[in-house]
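Q: Can you read through this structure? Questions will come right after.
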Amino acid sequence: MSAAVQPIALTRPVRSFISGTKKMLIDGQWLPAASGKTFPVTDPATGEVIAQVAEGDKVDIDHGVKAARRAFEASAWPTMSPSARGKLIWRIGDLIQEHLDELAELESLDNGKPFEVAKVADVPLAADMFHYMAGWTTKRHGITIPLSVLYTPSVQYHSYTRPEPIGVVGQIIPWNFPLLMAVWKLAPALAAGCTVVLKVAEETPSPRSGWASCYWKQGCRTAS
């Protein structure tokens with residue numbers, strides 16, 4: 001005999017968050033899809049439509065990539081000191097912890113997993129990943145291979161390795177651990193000083209609508 005579905009009682013911040021159409025964060029602004037299209041998001045536990053989300057397409061992707069490229073080339077994010085970047089990334093982990101219950105509710109609504117599982121696993125692990133990667137900002141290193149040139153056998157060359165951010169990173173995440181999978185991709189790229197365009201799964205876009213197309217400029221910008 002199957003147990004009856006027991007929906008969680010949503011808190012006011014979560015009810016407020018899922019109301020209205022969820023937009024994309026591009027170039028520091030919450031934007032609808034250029035086409036104006038949206039699609040419904042359903043609670044897999046009940047089949048109920050819980051939100052409407054902007055349906056981005058090629059135009060929106062181009063906009064997001066160009067914004068991320070501008071942020072990479074014209075902001076302090078890729079060139080700031082590793083310790084300063086690490087402090088900002090650590091702060092993201094703190095904010096996730098501060099909003100643990102709200103994020104767990106959203107993850108349960110969006111993905112269908114039990115609230116308690118999201119509360120003790122998905123959300124704390126997401127915060128922990130940002131805290132972990134914050135430490136790595138000051139610990140990037142590489143192996144330098146000494147140069148040995150056949151036609152100058154007696155010459156010694158000075159060689160070194162300089163780690164530096166590569167640029168804009170395009171990321172795609174699946175539906176099964178939506179928040180945690182997003183964090184696993186975002187945190188390392190941000191720790192390296194890259195900017196990011198993130199494409200979430202159509203089945204589970206709600207809690208990450210704020211991450212859907214994000215960039216980092218003049219230090220750090222994020223969405224709750």
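Q: With the Cα gyration tensor of the range 65-195 giving a ≥ b ≥ c as the square roots of its eigenvalues, does the rule (a/c under 1.5 for rounded; else a/b larger than b/c for prolate; else oblate) give rounded, prolate or oblate? Don't skip to the end; give the middle numbers.
A: Values: a/c = 2.65, a/b = 2.45, b/c = 1.08.
Taking the square roots of the gyration eigenvalues as a ≥ b ≥ c, the range 65-195 is prolate.
Q: Now for a different question. State whether the range 9-136 is rounded, prolate or oblate according to the following rule on the C-alpha gyration tensor (a ≥ b ≥ c being the square roots of its eigenvalues): a/c under 1.5 gives rounded; otherwise a/b larger than b/c gives prolate, and the remaining case gives oblate. Intermediate values should be presented prior to the final figure.
A: Numbers: a/c = 2.67, a/b = 1.16, b/c = 2.31.
Here the range 9-136 falls in the oblate category.
Q: Work out the length of the dipole vector of the range 48-149 about its Cα centre, built from +1 on the beta-carbon of each Lys and Arg and -1 on the beta-carbon of each Asp and Glu, and round it to the nearest 20 debye. It would help to have the intermediate numbers written out before the result.
A: Working: 11 positive and 16 negative charges, 203 e Å.
Result for the range 48-149 is approximately 980 debye, rounded to the nearest 20.
Q: Label-point separation (nm) for I61 and W184, each offset 7 Å from Cα along Cα-to-Cβ?
A: A separation of 2.3 nm, rounded to one decimal place.
Q: Nothing charged except the Cβ atoms of Lys and Arg (+1) and of Asp and Glu (-1): what's the magnitude of the dipole of the chain about its Cα centre? Round to the nearest 20 debye. Don't skip to the end; give the middle numbers.
A: On the way: 22 positive and 21 negative charges, 182 e Å.
Magnitude of the dipole: close to 880 debye.
Q: How big is the antiparallel share of DSSP beta bridges in the chain, given as a percent to the nearest 5? The partial results should precede the final answer.
A: Numbers: 8 of 15 bridges.
Counting DSSP beta bridges with both partners in the chain, the antiparallel share is about 55 percent.
Q: Working out 0.36 nm times the residue gap between T38 and S81, then minus their Cα-Cα distance, what length gain in nm do you get to one decimal?
A: Numbers: separation 43, 0.36 × 43 = 15.48 nm, distance 4.01 nm.
Length gained, T38 through S81: 11.5 nm.
Q: Let me ask something else about it. Once Lys and Arg get +1 and Asp and Glu get -1 on their Cβ, which of H141, A54, G36 lies farthest toward the positive end of the dipole of the chain?
A: Looking along the dipole axis, the top candidate is H141.
Q: Give me the lysines in straight-line cross-link reach of K87: C-alpha distance below 24 Å, same-chain residues under 8 apart excluded.
A: Here the lysines satisfying the reach criterion relative to K87 are K139, K185, K217.
Q: Return the distance in nm (one decimal) between the two label points of a simple spin-label model at V155 and H99, each offset 7 Å from Cα along Cα→Cβ.
A: 5.7
Q: A follow-up question, please. Hey, quick one: spin label on Q52, modelled 7 Å out along Cα-Cβ, who in the range 8-31 has an amide N within reach, i.e. under 20 Å?
A: Only 14-26, 30-31 pass the distance filter.
Q: Right, here's the next one. Can you give the convex hull volume per residue for the Cα atoms of the range 47-108, as a whole number of Å³? Display every interim value, and only then the final one.
A: Values: hull volume 6.9 nm³, N = 62.
So the per-residue Cα hull volume is 112 Å³.
Q: Same structure, new question: Does the range 78-123 classify as rounded, prolate or oblate by the C-alpha gyration tensor (a ≥ b ≥ c root eigenvalues; a/c under 1.5 gives rounded; else a/b over b/c gives prolate, otherwise oblate)?
A: Numbers: a/c = 3.96, a/b = 3.10, b/c = 1.27.
Since a/c reaches 1.5 and a/b is larger than b/c, the shape of the range 78-123 is classed as prolate.
Only the coordinates and a few stated rules stand behind these numbers; no lab work does. Just so it is clear, the structure is predicted and the values come from calculations on it, not from any experiment. Methodologically, a virtual Cβ is constructed for each residue, glycine included, from the backbone with ideal geometry; neighbour enumeration extends over all protein chains shown.
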